[in-house]
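Just so it is clear, none of the values below were taken in a lab; they were calculated from the coordinates. Owing to the predicted nature of the structure, the values given are computational and were not obtained by experimental measurement. Here the Cβ is made from the backbone with ideal geometry for all residues, glycine too, and neighbour counts use every protein chain on show.
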Amino acid sequence: MAEASTAVVEAEPVIPRKRRIKRSTRIALIIIGVIAVLAIGILTVVTFLENRKWVTTDNAQIDGDSLSVNAPTTGILIDWQVTEGTTMVKGQSMGRIEVQGAFARPQMPIPAPANGTVAVNNGRDGVFVATGTQLAVAYDLSAVYVTARVEETSIAGVTLGAHVEITVDAYTDTPLTGTVKEIQGGTAGQFSLFPQNNSTGNFQKVTQVVPVKIAIADQKGLGLVPGMNVEVRIRRP
């Protein structure tokens, strides 16, 4: 008796029907897209117009007028107790110079030239120094300011007395304000140790920067020291 053969028929895959987005949903998505584009456009225009009101540079640092402590005479440096961070008071003795003589060895005090904090210490007890040798450099940290280097193409937008917004890299959460006090009458390159020489025939034009001195209205107890990097925005007239 012959066996009946069984045929296996594979079922065709069922392709799910695409769900059509409701007309109201499409309209809502279009409206949202249009609003987003308009918002971006408005923000771009507002930012552009706002930036035109300011001269901005991040080529700026906290600065100060250095106070040099120099040897008043030639001799041996003794009783030198100065280190970086030492607070000095105008007129106080920071050490002494022992003058070398045939018999007597008089000692001359080294007075602090002004109030300040020592930033660089070059002195060492017991060494021989000549008159005028720089023993230390100090700054009055209560009177530091900002030196901003503004590109020559933007310096026309900087005026004396202009309002300045200051952001210190180390304290970005504490904005400061200031005022333009001085605009140097020449570029930084002109006063550098090696100013650019244009007489060689290989001149390459480079945008120069002009140093601008900015007084800080209130340090807000941040402990600012010379050399800290900052970013400034100077209000155009």
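What ranking, highest mean first, results for peptides 134-147, 156-169 when packing means the other Cβ atoms within 10 Å averaged over each residue? Before the final figure, lay out the partial values.
On the way: 134-147: 18.9, 156-169: 16.4.
By packing density, highest mean first, the sequence is 134-147, 156-169.
If the reach is capped at under 27 angstrom between alpha carbons, list the lysines near K181, excluding any in the same chain fewer than eight residues apart.
Leaving aside lysines fewer than 8 places away in the same chain, those within reach of K181 are K53, K90, K213, K220.
Can you tell me the FRET efficiency between T159 and A39 if r is taken as the Cβ-Cβ distance and R0 is 30 Å, rounded to the nearest 0.05?
Details: r = 35 Å, r/R0 = 1.16.
After rounding to 0.05, the efficiency reads 0.30.
Kindly state, as a whole number, the per residue volume in cubic angstrom of the convex hull around the alpha carbon atoms of the range 66-140. Before the final figure, lay out each step's value.
Working: hull volume 5.0 nm³, N = 75.
Value for the range 66-140: 67 Å³ per residue.
Would you please give the FRET efficiency between M108 and E152, computed as 1/(1 + (r/R0)^6) with r the Cβ-Cβ distance and R0 = 45 Å, to the nearest 0.05?
Values: r = 48 Å, r/R0 = 1.07.
It comes out at approximately 0.40.
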